[in-house]
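This report refers to the structure that appears directly beneath it.
The values are calculated or read from the model by the stated rules, or taken from the named source; none is laboratory data. It should be emphasised that the depicted structure is a prediction, and the values quoted were computed from it without experimental measurement. Heads up, the Cβs are rebuilt from the backbone with ideal geometry, glycines too, and the neighbour counts pull from every protein chain shown. With ligands, DNA and RNA removed, areas are computed over all heavy atoms of the protein, side chains included. Shrake-Rupley method; radii C 1.70, N 1.55, O 1.52, S 1.80 Å.
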Amino acid sequence: MQENTSNVKKHAFVSATKHLFSPFSRRKRILLFFCAFLILIWALLPAVRAVTLVLNTSGRSAPQAALAGIPVQEVQFRATDGVRLDGWLALASAHAPTIILVHGFKGSRSDMLPYARFLYKGGYNVLLYDSRGSGTSEGWDITLGAREPDDVIGAVHYLQSRTDLTDKRFGLLGISLGAGIALMAAAREPAIAATVADSAWVDESAQIERMGNITRPPFTLPLLPYEPALVDMLIGAHLADSRPLAVIAQIAPRAVFLIHSADDHNATTPLAGEHQLYVAAGEPKQQWIAPSGGHVGAIKAHTAEYEQRVLAFFKQY
C-alpha cells in the first residue's frame, strides 16, 4: 500500500516536472518575462524622462574666449542662492550701461555671442554667462526657469559691486527659456531698467502636460503620473510656480520689449503666448512680431532690423 502511494507521488512529480519544462511552458515563461520587462520599462519611463529633462549634457563644454569676436574677460560670480556662475564681461566703457544676456534651454554663453557683438558695437557693456548646470558653471542640472532668476539677480549684484563700472544702469535680454527667466528676474529686481524677451513662454503648463504621456502620432501612450513630482524634487522647486505671465505686470514702470516670430511652432512658446504676455505687461511696453525666422530665429532672418529695434529700445529706456 505504501509502495503504491509512493509510486503515485513519484509519477505525479515526474509529470509536473515534465510539464514545467515542456517547450510550451518555456515559451510561456519567456512571454511572461518579456511582458514584465515591458511593464518595468513603461513604469520607469517617467523617471528617465525627468532626469533627461533636467540633466544637461549638451551644453557643458567650456566656451572659448578666443572665438568671442569681442574683447572679453573671464568673470565669476554667485547666484543669490550661492551657485557659482562663470561668464564673460565685455567692457565698452565704464560710463555705459551693461546688458546681461540669458541663454536658452541647455545652452551656454556662446549662444549669446551674436547678441553680445552688436550690443558691444552699439556702445554697451555686455555680461554673458553660463546659467546653472550649463557651460562651466556649477550645478549638475538646469531647473527649467524655477531657480535661474537667482542667477540673473546674482549677475546684477556682481555688476553693482564692480568699482570700474560707474554706470549702474542694467538691461536684460533673454531668449527662449532665458526669455521667461529674464521676465521673472526683472519682476523681482528693480535695478533692471529694460528687458528684452525673445520667444518667451508664459508658464510651464505645456511642459507639465506632456509628462502625462508619450505621443508618437497617431499613437499616445499614457504614463504613470509621477514625473512632475520627480522633476520638482530634482530641481528643488515647484515647476508649476514658474509663470512669467503671472509676474510680467510687476516689471512696470520699467520697460519690456517682446520679440517673437510669427512662425514660431515651438510647443512651449506659441505666438498666442506672446499675445498673452503683451496684454498682461504694464507700460512702457513694445512688441515686434517678425514675419519669419521660427523659434528664436528673428535675429538670423531679419538681422539688421532686429539689431536696430533692440538698440533703439535700450537707448530709449
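Can you give the log10 of the normalised intensity I(q)/I(0) at q = 0.12, 0.14, 0.27, 0.29 Å⁻¹, computed with Debye over equal Cα scatterers of segment 100-151?
Debye curve over Cα of segment 100-151, log10 I(q)/I(0) at q = 0.12, 0.14, 0.27, 0.29 Å⁻¹: -0.27, -0.36, -1.00, -1.09.
Helix 149-161 against the longest principal axis of the chain: what's the angle in degrees, Cα atoms only, rounded to the nearest 10?
Helix 149-161 sits at roughly 30 degrees to that axis.
Keeping the other protein chains in place, figure out the carbon and sulfur percent of the accessible area of segment 159-251, with a 1.4 Å probe.
61 percent
Counting only DSSP beta bridges with both residues in the chain, tell me the antiparallel percent, nearest 5.
Numbers: 15 of 41 bridges.
Roughly 35 percent of the DSSP beta bridges within the chain come out antiparallel.
Could you give me the radius of gyration and the Dmax of segment 89-180, taking only the C-alpha atoms into account and expressing both in angstrom?
When restricted to the Cα atoms of segment 89-180, Rg and Dmax are 12.7, 37 Å.
Rounded if a/c is under 1.5, else prolate if a/b is larger than b/c, else oblate: which is the chain, with a ≥ b ≥ c the root eigenvalues of its Cα gyration tensor?
Taking the square roots of the gyration eigenvalues as a ≥ b ≥ c, the chain is prolate.
Does segment 199-240 come out rounded, prolate or oblate by the C-alpha gyration tensor, with a ≥ b ≥ c the root eigenvalues, rounded set by a/c under 1.5 and, if not, prolate when a/b is larger than b/c and oblate if not?
Since a/c reaches 1.5 but b/c is at least a/b, the shape of segment 199-240 is classed as oblate.
Enter the Cα centre distance for the pair segment 77-142 and segment 184-257, rounded to the nearest angstrom.
What the calculation gives is 21 Å, centre to centre.
How high is the relative contact order of the chain, given as a whole-number percent (alpha carbon pairs under 8 Å, six or more residues apart)? Working shown, then result.
On the way: 608 pairs, mean separation 46.9, N = 317.
Taking the mean separation of contacting Cα pairs over the length of the chain, I get 15 percent.
Can you give the calculated 222 nm mean residue ellipticity of the chain, where each DSSP H run of n ≥ 4 adds -39,500 (n - 2.57) and the sum is split over every residue, rounded to the nearest 500 deg cm²/dmol? All intermediate terms of the calculation are to be shown ahead of the outcome.
Details: 11 runs with 132 residues, N = 317.
For the chain, the value works out to -13000 deg cm²/dmol.
Please list, or write none, the aspartates and glutamates whose alpha carbon is within less than 16 Å of the alpha carbon of K168, excluding same-chain residues fewer than 8 places away.
E189
Residue-wise, which Karplus ³J(HN,Hα) couplings in Hz belong to segment 196-212, taking 6.51 cos²θ - 1.76 cosθ + 1.60, θ = phi - 60°, and x for glycine or proline?
Running phi through 6.51 cos²θ - 1.76 cosθ + 1.60 with θ = phi - 60° gives 10, 10, 9, 6, 7, 10, 8, 6, 9, 5, 5, 5, 5, 5, 5, 6, x Hz.
Determine, for each peptide in 100-107, 209-216, the mean count of other beta carbons within 10 angstrom over its residues, then list the peptides with the highest first.
100-107, 209-216
For the chain, set up a Gaussian network in which alpha carbons nearer than 10 Å are linked by springs, and say which option among I142, I299, I99 fluctuates the most.
With Cα springs under 10 Å in the chain, the top fluctuation among I142, I299, I99 is at I299.
How many percent of the accessible area of segment 49-114 is carbon or sulfur, using a 1.4 Å probe?
Numbers: 1540 of 2780 Å².
Solvent-exposed carbon and sulfur of segment 49-114 make up 55 percent of the total.
Need one number: nm distance between label points at W140 and R188, each 7 Å from Cα along Cα→Cβ, rounded to one decimal.
Going by the 7 Å Cα→Cβ label model, 2.4 nm.
Mind running the shape call on segment 176-317? Use the C-alpha gyration tensor, a ≥ b ≥ c as the square roots of the eigenvalues: rounded below 1.5 for a/c, prolate if a/b tops b/c, oblate otherwise. Please list the in-between numbers first.
Values: a/c = 2.74, a/b = 1.49, b/c = 1.84.
The shape class here is oblate.
How high is the FRET efficiency between K121 and A240 when r is their beta carbon distance and R₀ equals 41 Å, given to the nearest 0.05?
Values: r = 41 Å, r/R0 = 0.99.
After rounding to 0.05, the efficiency reads 0.50.
Could the peptides 90-98, 303-311, 67-75 be put in order, highest first, of the mean number of other beta-carbon atoms found within 10 Å of their residues? Can you show the working numbers first?
Numbers: 90-98: 17.6, 303-311: 16.0, 67-75: 14.2.
Packing order, densest peptide first, comes out as 90-98, 303-311, 67-75.
Per residue, how many Å² of accessible area does the chain show with a 1.4 Å probe?
I get 49 Å² per residue for this part.
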